[in-house]
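**Student:** Here you go, one structure.
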Amino acid sequence: MNSADKWVYIIVACLLSIGLIFSYSLPIYLETFQELGEFYFFKKFLFFAVVSILILYILSQCNPHRCIPILGFSIFFVSLIVVVLMPTPILSPYCPVIKGARRWIKIAGVTISPTEFLKVGMIYFFAWGFSRKLTNNNFETFKEEMFVVFPYLIVIGFTSLFIILFQSDLGQTLLIFILFIIMMIFTKASFKIYTFLITIVVIVGAIGLSLGDYRIARLRTMLFNIYLLLPDFIQSWFDVSPKSVSISFQIKQGINAIYNGGLFGKGPGNGEFKLGFLSDVHTDFVLAGISEEIGFLGVLLVMMLILALIWRIFKIANRIQVSSNQDKINQFFAIGVGLLIGLETILNAMGIIGFFPLKGLPIPFVSYGGSAIISCSIAVGMVLSLSKKAKL
């Protein structure tokens, strides 16, 4: 068996280093306003980074055929049960309502977001199901194919019900659904099933939008920003006034921060919009904060590192030696992890400039947030374990 892929270690370490630097620089206003101390977020991010590296190392030493199935199913079932129990009397005392939603569990001073782990569990569940049901079958009718896919839709729908209604998190729900659809591309699913699934995504998205006026406002902002990119002769076809669109304060400040940074940035530590203008500058809007301080070139560096990580993960998936059904599961799982990292990055980047009405999706290993960093470390650590079965 080969050794684990060292390049994944290096890339993740670089991303964590960038996140660590900006966990010190960006939340300075919040630390001062709440009297948290100058190094509050830096120390916490450093702890998450150390734990992340340890997780990567420990999982990379595991036997993939023994550890991956146990870990994959454990993450799926435990996180699913926790998400379901969060609004019930069993866990609700530990799940404070913040901005009308129960997204976090607070126990003994530790805050956990179960949805971050559920995404990883869902990827393994999809990988397990697809390798058994969709890769070895040639369906004669749409009905037969739908009969196989339907149980997965039930699981996604059941989970989405709790995430949307009680956590008010449409973004994570759509992300899971998009992951499901894209992962199916690597199976023998027909075009009809994709059409059906995309229709379901549109319906779920429309229902989710209707449940909150702020979501409709985000959609209007997205459409208006797309309208501004159209050529003048196409814009003339529409009667759109800027006064008719209320762009959110956060998105305005995010765009201003990016513009203020220019190509080379204002210099590390010299950002202005982090001083109370961008409340989520170290989490959701971390790219805007990085852009202002080290410019477009700095953001490009982050994107290139993430792209390199995704490419390396896909290469591992492609080079896994398939000798059993578990190897097929492992391939699908690695593909899903690469897709998760890519989709979160793309949707976050589009969200901070108003091109996508989603919020709460992190930049992997860069955005502040213990649950996001640890869950992503577990997923990448599992891929590192699988890399020992790949001819790189």
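The values are calculated or read from the model by the stated rules, or taken from the named source; none is laboratory data. All figures in this text were calculated on a predicted structure; none of them were measured in a lab. Don't worry about glycine lacking a Cβ; one is built from the backbone with ideal geometry, like all the others, and counts go over all protein chains shown. Accessible surface areas use protein heavy atoms only, side chains included; no ligands, DNA or RNA. Shrake-Rupley method; radii C 1.70, N 1.55, O 1.52, S 1.80 Å.
**Student:** Out of THR173, THR141, THR115, THR159, I need the residue that is polar (S, T, N, Q) and open to solvent by 20 Å² or more (accessible area, probe 1.4 Å). Which one?
**Tutor:** Result of the check over THR173, THR141, THR115, THR159: THR141.
**Student:** Sticking with this one: Can you tell me which residues in region 86-112 are aliphatic (A, V, I, L, M) and either open to solvent by 60 Å² or more (accessible area, probe 1.4 Å) or at pLDDT below 80 (or both)?
**Tutor:** ILE90, VAL97, ILE98, ALA101, ILE107, ALA108, VAL110, ILE112 - these are the residues of region 86-112 that are aliphatic (A, V, I, L, M) and either open to solvent by 60 Å² or more (accessible area, probe 1.4 Å) or at pLDDT below 80 (or both).
**Student:** Is it true that some residue in region 345-356 is assigned to a helix (DSSP H, G or I), under 22 Å from THR111 (Cβ atoms) and touching a residue at least 40 places away in the same chain (Cβ under 8 Å)?
**Tutor:** Scanning region 345-356, I find at least one residue that is assigned to a helix (DSSP H, G or I), under 22 Å from THR111 (Cβ atoms) and touching a residue at least 40 places away in the same chain (Cβ under 8 Å), so the answer is yes.
**Student:** Sort through ILE329, ILE294 and tell me the only one that's in a helix (DSSP H, G or I), under 23 Å from GLY381 (Cα atoms) and touching a Gly at 6+ places or on another chain (Cβ under 9 Å).
**Tutor:** ILE329
**Student:** In this structure, does LEU287 turn out to be surrounded by fewer than 21 Cβ atoms within 10 Å (Cβ to Cβ) and either touching a Lys or Arg at 6+ places or on another chain (Cβ under 8 Å) or not aromatic (Phe, Trp, Tyr) (or both)?
**Tutor:** Answer is no for this residue.
**Student:** Is region 363-373 home to any residue that is open to solvent by less than 10 Å² (accessible area, probe 1.4 Å) and of a type in the set (Phe, Trp, Tyr)?
**Tutor:** Yes - at least one qualifying residue is present in region 363-373.
**Student:** Right, something else. LEU278 versus (1) at pLDDT 95 or above; (2) buried (at least 24 other Cβ atoms within 10 Å of the Cβ): which is the lone unmet condition?
**Tutor:** Status for LEU278: all satisfied but (1).
**Student:** Farther than 25 Å from GLY370 by Cβ, open to solvent by 20 Å² or more (accessible area, probe 1.4 Å) and among the aromatic types (Phe, Trp, Tyr): does that describe TRP128?
**Tutor:** yes
**Student:** In addition: Keeping to region 312-327, report how many residues are farther than 15 Å from GLU344 by Cβ and surrounded by 14 or more Cβ atoms within 10 Å (Cβ to Cβ).
**Tutor:** 9
**Student:** Provide a single number: the residues in region 28-85 that are surrounded by fewer than 18 Cβ atoms within 10 Å (Cβ to Cβ), small (Gly, Ala, Ser) and modelled with pLDDT under 95.
**Tutor:** 1
**Student:** Would you mind telling me which numbered condition in (1) among the hydrophobic types (A, V, I, L, M, F, W, C); (2) open to solvent by 30 Å² or more (accessible area, probe 1.4 Å); (3) more than 29 Å from TYR29 (Cβ to Cβ) PHE273 fails?
**Tutor:** Result: PHE273 fails condition (3) only.
**Student:** Can you pull out the residues in region 176-192 that are basic (Lys, Arg) and either touching a Phe, Trp or Tyr at 6+ places or on another chain (Cβ under 6 Å) or surrounded by 21 or more Cβ atoms within 10 Å (Cβ to Cβ) (or both)? Spell out how you get there, then give the answer.
**Tutor:** From region 176-192, those basic (Lys, Arg) are 188, 192; that's our starting set.
The one that is basic (Lys, Arg) and either touching a Phe, Trp or Tyr at 6+ places or on another chain (Cβ under 6 Å) or surrounded by 21 or more Cβ atoms within 10 Å (Cβ to Cβ) (or both): LYS192.
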